[in-house]
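Report on the structure given below.
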Amino acid sequence: MARLSRSGQKPGKRSAKRLILFVFIFGAAALVVAQSAPQIRHFFDPVRTVAGDRLGGNDSVTLWARVTGQVARERRIKDLEAEVRELSRYKAAAISMAERLEAYENILNLMGEPPVRGVTARVTAESDGPFAQTLLANAGRAQGVEPGAIAVNEGGLVGRVIQLGELSSRILLITDFNSRVPVMGEVSGVRAILYGGRDGLGSLTDLPERSGFIEGERILTSAEGGAFPRGLVVGEARLLSGEWRVKYGMAKRSGGYVQMVPPPMIEAPEPVATLPQAEETDAPAQASAAQGVRQ
Amino acid sequence: MAKRTSGRQRKSLWSQSGPTPRLLFGAFAIAAVGLLGLTPKTLFGLSIAWPYAALWGAVGWGRVGLSLRPMLLLIVFGLIQDISFNAPFGCFVIVNLVVYGFSAWIASMFDVMNEPLVAVVAPVLQFISGFLVLWLLASALEDHAVRATPLLAALLTTGVIYAMSHRLFDLGRTPGQQVGQAT
């Protein structure tokens, strides 16, 4: 009679199952390694976006919520929250405009930025695991969210859309280690690059050697690189053990909603060949862009 | 006259149910806890460390030895976790299966059902190994040492809740095995 193990399985059967377990583990490991190639990683993007749509896009009201009057209460809360969000947006817009006005005064003939259009969405899932810190919001391409859209909430900048589904968007938080945001001090004007720290505060890199931030001053986006609009509130500067850190503004009030505004669009400059040559024009005294390039 | 009582103790429905209903019930519990964990989790302004529910299954189901059905369920849960945590596909599958295999290996080496010390120490070691594998995988794939604090908090909640609800994930015997076959 075949000897049974402690778990009551025959040795042959047990080794077959052990083999299956190893095959599964190695299969999963091969899948993980294969995804280091961007082409293969992008191959799985539709799966993620469809799953995100299922998780984030479902906003149905249950019968129980209707019976208990929870729907009416939630509607009232939503109205009030919308009002607060609207007011907070005005506040953020005022800070942003004041900062921008100063820049306009300094630089003449500056092109104005287009008015902010945005989609407000509810945060339906968030992951605080060891991988990228992201949020899932229940608005996607169908609601007018654009790839690379900027997410803000009542406290300030939240992050950037990194994955866009039909009904959902995944937002990479500015608290993530891999996130990079060009920022500046509101008063000092010192520029730096912000990335997520491990202790819940933002870390700054590429700081100038001589000048520093002012303790407690507001940190705003500087719009360098063109990924973020200028003047969005990111947080406050803190000097901790001789190192400048950023206390995030969005962490103060996370109301469960984010507004996703389109990323700033900077038109690519026209190629030099298509511009009119200075010799061909009747007014030789006027300097052309092509001349600027030659110099 | 003294009431005549039966010599046998009345058995609960759970003790009478086989491994397949137990497996399904445990899977349902894991799915429910996992789905709840997707929503933003704050209590009085403090964020809650949500447990990694699939590890309960990996630890509990592995105690009766290896079987195909729990493995497939753990793969499915792992893939769902990969999507919800925005991890590369396969990461959580590896974690779940490694813990499951470790649990089954410990069960084959020691008496995890009757030895009180082993019954306590084994799940602790299995959870720690699971989170260690997860931390190593995440750090290797993200190209930097990822934060350990949220993982430790999740490890604590996962362990504490498992200590209270481990019976839910006790299959009694391997799925597919006949009654009386197990020792």
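Structure notes:
- A:L55 within 10 Å of chain B (Cβ to nearest Cβ) and at pLDDT 80 or above: no
- Filter result (within 14 Å of chain B (Cβ to nearest Cβ) and among the acidic types (D, E)) within the stretch A:120-156: A:E126, A:D128
- Taken over the stretch B:61-111, the residue count meeting the criterion of being more than 8 Å from chain A (Cβ to nearest Cβ) and hydroxyl-bearing (S, T, Y) is 1.
- Any pair with Cβ under 8 angstrom, 6 or more apart, that starts in the stretch A:163-186 at a residue that is touching a residue at least 40 places away in the same chain (Cβ under 8 Å) and on the phi > 0 side of the Ramachandran plot and ends at one that is surrounded by fewer than 24 Cβ atoms within 10 Å (Cβ to Cβ) and among the charged types (D, E, K, R): none
- Selection within the stretch A:186-196 - surrounded by fewer than 17 Cβ atoms within 10 Å (Cβ to Cβ) and part of a loop (DSSP other than H, G, I, E, B): A:V187, A:S188, A:G189
- Annotation note: Cβ proximity below 7 Å between a residue of the stretch A:33-56 that is surrounded by fewer than 16 Cβ atoms within 10 Å (Cβ to Cβ) and a residue that is modelled with pLDDT of 80 or more and assigned to a helix (DSSP H, G or I) (sequence gap 6+ or interchain) occurs for A:I40/A:A34.
- Residues of the stretch A:16-52 satisfying the condition of being closer than 24 Å to A:I171 by Cβ, assigned to a loop (DSSP other than H, G, I, E, B) and modelled with pLDDT under 85: A:S36, A:F44
- Filter pass, B:V179 being hydrophobic (A, V, I, L, M, F, W, C), modelled with pLDDT of 85 or more and either in contact with a helix residue (DSSP H, G or I) (Cβ under 9 Å, 6 or more places away or on another chain) or outside any helix (DSSP H, G or I) (or both): no
- Residue check for B:F28: modelled with pLDDT under 90 and out of contact with any helix residue (DSSP H, G or I) (no Cβ under 9 Å at 6 or more places or on another chain): no
The values are calculated or read from the model by the stated rules, or taken from the named source; none is laboratory data. As the structure is a computational prediction, the values presented were derived from the model and not from experiment. Here the Cβ is made from the backbone with ideal geometry for all residues, glycine too, and neighbour counts use every protein chain on show.
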